[in-house]
Amino acid sequence: MSREKVYITRPIQNEAISLLKEHFDVTVSPEDRVVDRDVLMDAVEDVDALLCLINDTVDREVIGRAKRARIIANYGVGYNNIDVPAATERGIVVTNTPGVLTDATADLAWGLLLATARRIVESDKYTRAGRYESWSPNLLLGRSVAGKTLGIIGAGRIGRAVARRGLGFDMKLLYHNRRRDEGLEKELNARWVDRETLLKESDFVSLHVPLTDETWHMIGRREFETMKDTAVLINTSRGPVVDEKAMVDALREGLIWAAGLDVYEREPAVEEGLKALDNVVLASHIGSATIEARTRMAMMAAENIVSVLKGGKPLTPVNEVPVKE
Ligand code: DGY
């Protein structure tokens, strides 16, 4: 009997490729770049499983070509790159990689928070440029973090982990979710507030919502006007949650003090206006980029494929479909 076929859209960690090769015929797109759409369209035609990345657009058209596919395993926790309803209609399981990248992403959010508050990147550039001549009472003054108010929008796994780290800095914690979470309030002494209050009262606002129709441009001009002019915005979720043009204006006009960004509205493009500003730290979507987290993400995606193609249940499904034999 011929073995089932798996297509991987980009080279990923070897452990995961080896696991898949034990069971299936595996093809890996050889180049370390986003696979071309026409290549992806051809590749999915006769595969039983697709392992894709968060920057692969797996829309209705691609899914329509995947006649035999039983699972689409996303290498990432966010899955806005996949048309999940289209996959569900065709009986294809979609999985993601929750949990394994929580700490890595929360650490990066904190890295950005500290880097912006304390102007670390600016100071690095200043020193490298040979401009550091003497210690001075007014040189590169930032903002204190300890004891301030941290507002988390979207207190799921990652938002919670960011909040938990705030306790180590004696921060007052606010959060906004659609629903209150009493467990979180007890564990972290966090207070649920509406979004407006969170924006008004927080010194640091960190975004942790998925990208949906509801969260698109959730932070725009009005929200920047609501925030303190001393506030810092951190975004490690998805770029389009923030109106990037409005953010450039807000940073230029001093509506907020600084921003730390790992994600962009038209990624990998970065709004020109942003690059010219000193009060923004720009990372390159590296939230989950640790050896440990990426290995576990790759393994989780591979294990989902093994389980489904062997007739078992997906380990981390994001949709509900009957398992095909
Ligand atoms: C995800 O997993 O959704 C992150 O954005 C990439 O690590």
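The values are calculated or read from the model by the stated rules, or taken from the named source; none is laboratory data. Only a predicted model underlies this, so the values are computations on that prediction, with no experimental measurement involved. Note that we place each Cβ from the backbone using ideal geometry, even for glycine, and neighbour counts take in every protein chain shown.
Report, by residue number, each residue of the range 121-138 that is of a type outside the set (Asp, Glu) and in contact (Cβ under 8 Å) with a residue 40 or more places away in the chain. Let's see the steps before the verdict.
Residues of the range 121-138 of a type outside the set (Asp, Glu): 121, 123, 125-132, 134-138.
If the condition is that a residue be of a type outside the set (Asp, Glu) and in contact (Cβ under 8 Å) with a residue 40 or more places away in the chain, then 121 is the only one that fits.
Taking the range 79-98 as the search range and keeping residues that are polar (S, T, N, Q) and within 16 Å of the ligand (Cβ to nearest atom), which one is surrounded by the most Cβ atoms within 10 Å (Cβ to Cβ)?
Taking the range 79-98 and keeping what is polar (S, T, N, Q), we get 80-81, 88, 95-97.
If we keep only those that are within 16 Å of the ligand (Cβ to nearest atom) too, we end up with 80-81, 95-97.
Numbers: 80: 16, 81: 16, 95: 25, 96: 24, 97: 27.
Ranking the candidates gives 97 first.
Which residues, counting only those in the range 117-155, are touching a helix residue (DSSP H, G or I) at 6+ places or on another chain (Cβ under 7 Å) and either among the small types (Gly, Ala, Ser) or modelled with pLDDT under 95 (or both)?
142, 151, 155
Give me the residue from the range 122-167 that is surrounded by fewer than 17 Cβ atoms within 10 Å (Cβ to Cβ) and among the hydrophobic types (A, V, I, L, M, F, W, C) and, out of that set, nearest to residue 182 (Cα to Cα).
167
If the Cβ limit is 8 Å and pairs must be 6+ apart or interchain, which residue in the range 196-224 that is more than 22 Å from residue 157 (Cα to Cα) pairs with which residue that is of a type in the set (A, V, I, L, M) and assigned to a loop (DSSP other than H, G, I, E, B)?
From the range 196-224, the pairs are 200/227; 201/193; 224/255; 224/256.
From the list 244, 271, pick out the single residue that is touching a Phe, Trp or Tyr at 6+ places or on another chain (Cβ under 8 Å), at pLDDT below 95 and of a type outside the set (Phe, Trp, Tyr). Give the steps one after another, and end with the answer.
Working: 244 fails: at pLDDT below 95.
Step by step, each of 244, 271 is checked, and only 271 is touching a Phe, Trp or Tyr at 6+ places or on another chain (Cβ under 8 Å), at pLDDT below 95 and of a type outside the set (Phe, Trp, Tyr).
Give the number of residues within the range 168-212 that are acidic (Asp, Glu) and surrounded by 16 or more Cβ atoms within 10 Å (Cβ to Cβ). Outline the logic, then answer.
We begin by selecting, within the range 168-212, every residue acidic (Asp, Glu); these are 170, 181-182, 185, 187, 194, 196, 201, 203.
Imposing the further condition that a residue be surrounded by 16 or more Cβ atoms within 10 Å (Cβ to Cβ) reduces the set to 181, 201, 203.
The qualifying residues number 3.
Before we move on, is residue 233 within 22 Å of residue 155 (Cα to Cα), touching a residue at least 24 places away in the same chain (Cβ under 8 Å) and touching a Gly at 6+ places or on another chain (Cβ under 7 Å)?
Numbers: within 22 Å of residue 155 (Cα to Cα): yes; touching a residue at least 24 places away in the same chain (Cβ under 8 Å): yes; touching a Gly at 6+ places or on another chain (Cβ under 7 Å): no.
No, not satisfied.
Starting from residues that are in contact with a Lys or Arg (Cβ under 8 Å, 6 or more places away or on another chain) and away from the ligand (no atom under 13 Å from the Cβ), keep the ones in the range 102-117 and report whichever is farthest from residue 203 (Cα to Cα).
Among residues in the range 102-117 that are in contact with a Lys or Arg (Cβ under 8 Å, 6 or more places away or on another chain) and away from the ligand (no atom under 13 Å from the Cβ), the one farthest from residue 203 (Cα to Cα) is 110.
Look through the range 246-268, keep the residues that are buried (at least 23 other Cβ atoms within 10 Å of the Cβ) and in contact (Cβ under 8 Å) with a residue 40 or more places away in the chain, and return whichever of them is nearest to the chain's Cα centre (by Cα).
262
Only one of 147, 111 is among the small types (Gly, Ala, Ser) and at positive phi. Can you tell me which? Explain how you work it out, then say what you get.
Details: 111 fails: at positive phi.
Exactly one residue qualifies, and that residue is 147.
Might you let me know whether the range 275-294 holds any residue that is within 16 Å of the ligand (Cβ to nearest atom), under 29 Å from residue 114 (Cα atoms) and in a strand (DSSP E or B)?
Pass one, the range 275-294, residues within 16 Å of the ligand (Cβ to nearest atom): 282-294.
Adding the requirement that they be under 29 Å from residue 114 (Cα atoms) leaves 282-294.
Then drop every residue that is not in a strand (DSSP E or B), which leaves 282.
Within the range 275-294, one or more residues are within 16 Å of the ligand (Cβ to nearest atom), under 29 Å from residue 114 (Cα atoms) and in a strand (DSSP E or B).
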